[in-house]
Structures are given as C-alpha cells and as structure tokens.
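The values are calculated or read from the model by the stated rules, or taken from the named source; none is laboratory data. From a predicted model like this one, the values you see are computed outputs, not experimental measurements. So basically every Cβ, Gly included, is an ideal-geometry build from the backbone, and we count neighbours across all protein chains shown.
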Amino acid sequence: MDAISALHGRVSIATLGQPGPTSEQLDIMLRAAVRAPDHGVLRPWRFIVLQGSEREALGDIFVQACLRSAPDSDTETLEKMRRAPLRAPMVVVVIAETDPDNRIPLTDQLLAAGAAAQNIMLAAHALGLGGMWRTGDMAKNTLVKERLGFAEKDEIIGFLYLGTPTGSIKRVPANDPARYLRALPQ
Ligand SMILES: Cc1cc2nc3c(=O)[nH]c(=O)nc-3n(C[C@H](O)[C@H](O)[C@H](O)COP(=O)(O)O)c2cc1C
C-alpha cells in the first residue's frame, strides 16, 4: 500500500483476532515508530510488546491498579479489567520516558512519542493489520506505570491493540479538511 493510501484509509478496528502481527511485521512497525519526528533527538519513546500469555500479566496489573484506586470495585469491573488486554493478539504499550529537566519542552517529548505511536498504527494498516489506540484510566494510573517499570514523570501514550480485523471494517468517514482551516486573524 502506498503511503498516501495508508494515510487516507486508516480506520480504527476494535474487534481484532488471530493471527497477530508476525515478528517481521512487528519489526516493520517498530522501525516506522523510531522514524517519528523528535525534537532534540531525545528518543523519548519506549515500547513494551505483549503477546500470548504476556497480555495476562498486563490484565493482572490493571486489576491491582483498579483495586488500589477503588478497593470496593465489583467482580464484574475487575474481570473486565483483567480481560481488557486480551482484546487483541498483541498489545504494544507506548510510553514516553520523559526528561523534565531537558531544554526540550515536555509537550514536544510527549508529541514525539505520540508520533511514534501513530507511525505504528499507520504501518499496521499498511501491512493489512487492524489496530486500535486506547488509553483510558489505566494509562494515567501511577501503579500501572510503576509495574511497567516507569516513573511518575513518564507518560503512557497508549495501549495499541493490534491483530487481524474480524467482522466488517468501517468506511472512512467523510471529513472535509476545509472545516478545520482558519484564516489568520486580521
Ligand atoms: C491518545 C488516544 C487515546 C485514545 N483512547 C481511546 C480509548 O481509551 N478508548 C476508545 O474507545 N478510543 C480511544 N481512542 C480513539 C480511537 O483510537 C479511535 O481513534 C476512534 O475510535 C476514532 O476511530 P478512527 O481512528 O477510525 O477515526 C483514542 C485515541 C487517541 C489518539
């Protein structure tokens, strides 16, 4: 698929099944990620790739985080959290390992890691895979960050769910870019 078709045609796919990305496809996606624009060449992006039973470890972390922040969470909620990472064969957690003391603004560091995440999503689409970028409460949870090996200053940019699309793929919604154009104020 050419680059413009990938850019214009990407849609999120929430229902994902086997097979997950091959190791070759993963390598292609990660190589795309590390070509993201990066102010100051800080390389703030970090990736944790979870497949198979490794996803269960993330589910356990979600449950622990849920219990820490809401100790009286009901079984249904906890079970939903436990199963969340099983929604796709592969989950790539993208984290910005930030340097708050660097002259490069924090926002730029976060945006660089976000651009890396988007490069993964676009590469996945170009490879014929499906993907969904999720965050939610767990991405902001300190215990989750800690258990993933990161510090409070770092940010989980997203949980990228990747696999083979199951079911129908939604059409690209019409969205005229002209709606978002603004003239310079006089
Ligand atoms: C940073 C970020 C976080 C997101 N988190 C969630 C999420 O937690 N749950 C969700 O349903 N969609 C989330 N989304 C939105 C979906 O990934 C997706 O973009 C949206 O459903 C629109 O679909 P489209 O990408 O096909 O236009 C997030 C998107 C971004 C950029």
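Some notes on this structure:
- Scanning the range 68-89 finds one or more residues that are in contact (Cβ under 8 Å) with a residue 24 or more places away in the chain, surrounded by fewer than 16 Cβ atoms within 10 Å (Cβ to Cβ), more than 24 Å from P19 (Cβ to Cβ) and not polar (S, T, N, Q).
- Filtered residue count, the range 124-136, keeping only those that are assigned to a loop (DSSP other than H, G, I, E, B) and closer than 19 Å to M1 by Cα: 3
- Scan of the range 49-108 for residues that are in a helix (DSSP H, G or I), more than 17 Å from the chain's Cα centre (by Cα) and within 16 Å of I157 (Cα to Cα), ordered by number: L106, T107, D108
For every residue, the table says whether it meets (1) within 21 Å of R43 (Cα to Cα); (2) part of a loop (DSSP other than H, G, I, E, B).
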| residue | (1), (2) |
| --- | --- |
| L122 | yes, no |
| M138 | no, no |
| V144 | no, no |
| K153 | yes, yes |
| I156 | yes, no |
| Y161 | no, no |
| G167 | no, yes |
| A178 | no, no |
| P185 | no, yes |
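- Unique residue being more than 28 Å from V172 (Cα to Cα), of a type in the set (S, T, Y) and at pLDDT 95 or above when the list is S23, S12, S73, S69: S23
- If only residues of the range 153-184 that are of a type in the set (D, E) and more than 14 Å from the ligand (Cβ to nearest atom) are counted, the one that is surrounded by the most Cβ atoms within 10 Å (Cβ to Cβ) is D154.
- Residue match in the range 4-25 (condition: touching a residue at least 24 places away in the same chain (Cβ under 8 Å), surrounded by 15 or more Cβ atoms within 10 Å (Cβ to Cβ) and more than 18 Å from the chain's Cα centre (by Cα)): no
- Among the residues of the range 97-112, none qualifies, meaning not one is surrounded by fewer than 20 Cβ atoms within 10 Å (Cβ to Cβ), at pLDDT below 95 and within 11 Å of the ligand (Cβ to nearest atom).
- Test: G136 is within 11 Å of the ligand (Cβ to nearest atom) and either touching a residue at least 12 places away in the same chain (Cβ under 8 Å) or surrounded by 13 or more Cβ atoms within 10 Å (Cβ to Cβ) (or both): yes
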